[in-house]
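Here is the structure we will look at, set down as structure tokens.
The values are calculated or read from the model by the stated rules, or taken from the named source; none is laboratory data. This one's a predicted model, so the numbers in the text were calculated from it and none came from an experiment. A quick note on method: Cβ atoms are made from the backbone with ideal geometry, for glycine too, and the neighbour counts reach across all protein chains shown.
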Amino acid sequence: MRRLSGLVLAGAIMLLPAFSQGHGSVSAQGQALTFDGDTAIITVAIKPDKTADFEQIMADVRAALMKSEKPERKQQAAGWKVVKSGTPMKDGNIVYMHVISPVVKGADYTILTILYEGTADAAAQRAIFEKYKETFAAALGGGAFTTVVDLSKP
């Protein structure tokens, strides 16, 4: 199971993809963001003036998942919701939670990797990265969880 320290590392991977040497292209190199357990929850703080950009990026992630030829991508979309707090944090930032249930075992949830699968153009990838990076105020935490009691079932 990915522990909080692993999640922080994964968050850094999601936000800071490597630029390949000599070519100037962006790649989502590094460890894939995968989860063990039934459910994954990731909480992030988004700058208040960037919420529309963040929500558009997540709509783009959904579109990329749905048009992917990888069968696990459509499964990821089916179990992934992004919810928003109705109350800003004291600093004005807006809290969003990625709620992933069920987790697709072994699937990479790295947002930039998903978005980059749709384009090999380095300039387009760089624009995606910059837009995504500019939305973030902070990664607040999260992890993978296992259901212990399901109140919806007898």
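A few notes on this one:
- Only a single item in (1) more than 21 Å from residue 61 (Cα to Cα); (2) touching a helix residue (DSSP H, G or I) at 6+ places or on another chain (Cβ under 9 Å) is not met by residue 86, and it is number (2).
- For segment 54-70, the count of residues that are surrounded by fewer than 19 Cβ atoms within 10 Å (Cβ to Cβ), basic (Lys, Arg), farther than 22 Å from residue 131 by Cβ and at pLDDT below 85 is zero.
- From the list 50, 81, the one residue that fits, being in contact with a strand residue (DSSP E or B) (Cβ under 6 Å, 6 or more places away or on another chain) and among the charged types (D, E, K, R), is 81.
- Residue check for residue 79: under 24 Å from residue 32 (Cβ atoms) and modelled with pLDDT under 95: no
- Considering segment 97-123, and only residues there that are of a type outside the set (Gly, Ala, Ser) and free of Cβ contacts under 8 Å to residues at least 60 places away in the same chain, the residue that is surrounded by the most Cβ atoms within 10 Å (Cβ to Cβ) turns out to be 114.
- Matching option when the condition is without any contact (Cβ under 8 Å) to a residue 40 or more places away in the chain, of a type in the set (Gly, Ala, Ser) and closer than 14 Å to residue 42 by Cβ, among 79, 143, 86: 79
- Residue count for segment 124-140 satisfying the condition of being without any contact (Cβ under 8 Å) to a residue 24 or more places away in the chain and of a type in the set (Lys, Arg): 0.
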